Every structure is written in C-alpha cells, then in structure tokens.
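The structure appears below as structure tokens.
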Amino acid sequence: MTKILVVEDDSLLGEMLTLYLSEEQFDVRRVETAKDGYDALRRFDPDAIVLDLMLPDAEGAEVCRFFREKSPVPIIVTSMKTAVADRIRAIMCGADDYLTKPYSVQELKVRIMAMLRRIAAYSPPVPSAAPARCRIGLDLERRTIVLDGRQIETTFSEYELMKLFTKHPGRVFSREELLNAIRGADSFVNERAMDVHIANLRRKIEPDAKQPQHIKTVWGVGYKFIN
C-alpha cells in the first residue's frame, strides 16, 4: 500500500485529508509538527509527502529543504501563500509541486497519483552495444544517476529530468516542455524553477558546471542533453 506522510497542523483539514486518502487506499500518517515529521520520515518511510508550509515549530521552507536532503520522495507543498516568490522558494527548497489553500482533496489525490506514476514509469536502460561511450546512465531500482559507475543521489524532479534527457539524447526541450514532463500540464509552471533544477543537475554531473559538457543551453529555446 502506498504510504503518504501528511504534515499539517490544522486539525480539521488534517483529519479530512487522512480520512479521504485512507478511503482511497493510501496508508496515511499525519503529524502536526516539523519535529514529528522528521521522526515519521525515518520511521514511516513514506512514498510521498504532503507538507503544509505554516507549522508551529519551524519555518516551512526549511522543513521542505530538510526532507529533500534526507529523501528523494516527491513532496507536495500546500500553503495559503499565493505569491510567485513563495512558490519559487518552495521549489528551490526541494518541493515537486505546490497547491494553494483552499484546494480540492480530489486534485491533491490526482497530483499524488501523477507523481507516483512517473516514478513507476519504465525508463529503458542505456543500450549495451556501446558501453564505453555511456558515461552517464540511470539506476532504475535506486532512482539515481550513475556517473562513471558512481551513484549520484537526486531529487524526484532531477531524476525525472535525467530520465527524459537520457531517453532523448540530442533533442532540444523547451523549459515549458520539461516542466510539463516532470509535473504534469496542470501543475504550477515557472521557467525560473526549471533553471534551478538544471543548475543543480549540472553541479552533480558536470566536471565544471560553468562550462557544461552534457546539459547544454540552447539559447532562446531551452536545453538538450549530450552523453
């Protein structure tokens, strides 16, 4: 059963989410504080996290950053804040999606399912015909990048980007295409967020992130991947 960790201090909303998601056949663990969320991340080992940014004992963006550092599972941030700057900050701290309160619990479920489907989607391995040329690959079971045989941990969004890039080497993707591919066309789209994901990927896989050899910028269009 898919496990969902809900970090929400609003008792009424938290109980409603727990009841609804449980009825939809999810295994739900709800906590009300960041401290309990940290403990649940370790003990409960969730498949996805629904995180309220307004918590009584910690600043929400920092909680999101902590979760992202400790786990690659998808994070959906929920908040009453509607400013673009707040959305961008949440994404930069590791969130994979952002829902503004009040929101539909049905929409939350759909977004969770969409992210889980992308995790489970088949990604073909790098062809074995030319292993010497394949410096960058993917470990499908661990959901990591393999760089010269070395495992590189990624966030949910970074892994989905690399899965798309390695599946279509040389193809030029616009920022909008990349965002739609990793979050779905109905999710919040901001091109600045994509630039952040690309910068983080370059720091992880490029010998010199300032002069990238693999993830190339196509000015005025977007990005392409060269292995």
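Data overview
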| item | result |
| --- | --- |
| Hull-based mean projected area of the range 3-120, where the convex hull spans the alpha carbons, in square nanometres | 6.5 nm² |
| Tyr98 long-range amide H proximity, modeled H, under 5 Å | Val77, Phe188 |
| Bins of 10 Å, starting at 0 and running to the largest distance - Cα pair percent for the range 54-116 | 22, 53, 25, 0 |
| Stretchable slack from Ala85 to Thr100, in nm (0.36 nm times residue separation minus alpha-carbon distance) | 4.1 nm |
| Ratio Rg/Rh [Cα only; Rh per Kirkwood] for the chain | 0.98 |
| Surface/4 estimate of mean projected area, convex hull on alpha-carbon atoms of the range 131-225, nm² | 6.2 nm² |
| Mean ellipticity per residue at 222 nm, deg cm²/dmol - from DSSP H runs of n ≥ 4 across the chain, formula -39500 (n - 2.57) | -13000 deg cm²/dmol |
| Peptide ranges 28-41, 145-158 listed from the most packed, as the mean C-beta count within 10 angstrom indicates | 28-41, 145-158 |
| Relative contact order of the range 131-225, defined on C-alpha pairs under 8 angstrom at six or more residues apart (%) | 25 percent |
| Student exercise, the chain dipole from Lys, Arg, Asp, Glu Cβ charges, in Debye to nearest 20 | 1200 debye |
| Distance in nm between pseudo-label sites at Val172 and Arg142 (7 Å out along the Cβ direction from Cα) | 3.5 nm |
| Subset of Lys70/Lys204; Lys3/Lys163; Lys163/Lys204 violating a 20 Å alpha-carbon distance limit | Lys3/Lys163 |
| Residue (of Ser11, Phe44, Thr154) at the positive-pole extreme of the chain, dipole from beta-carbon charges | Thr154 |
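Computed from the coordinates by the stated procedures, all read-outs in this text should not be read as laboratory data. Values in this document were obtained by computation on a predicted structure and should not be read as measured data. Glycine also receives a Cβ, built like all others from the backbone with ideal geometry; neighbour counts cover every protein chain displayed.
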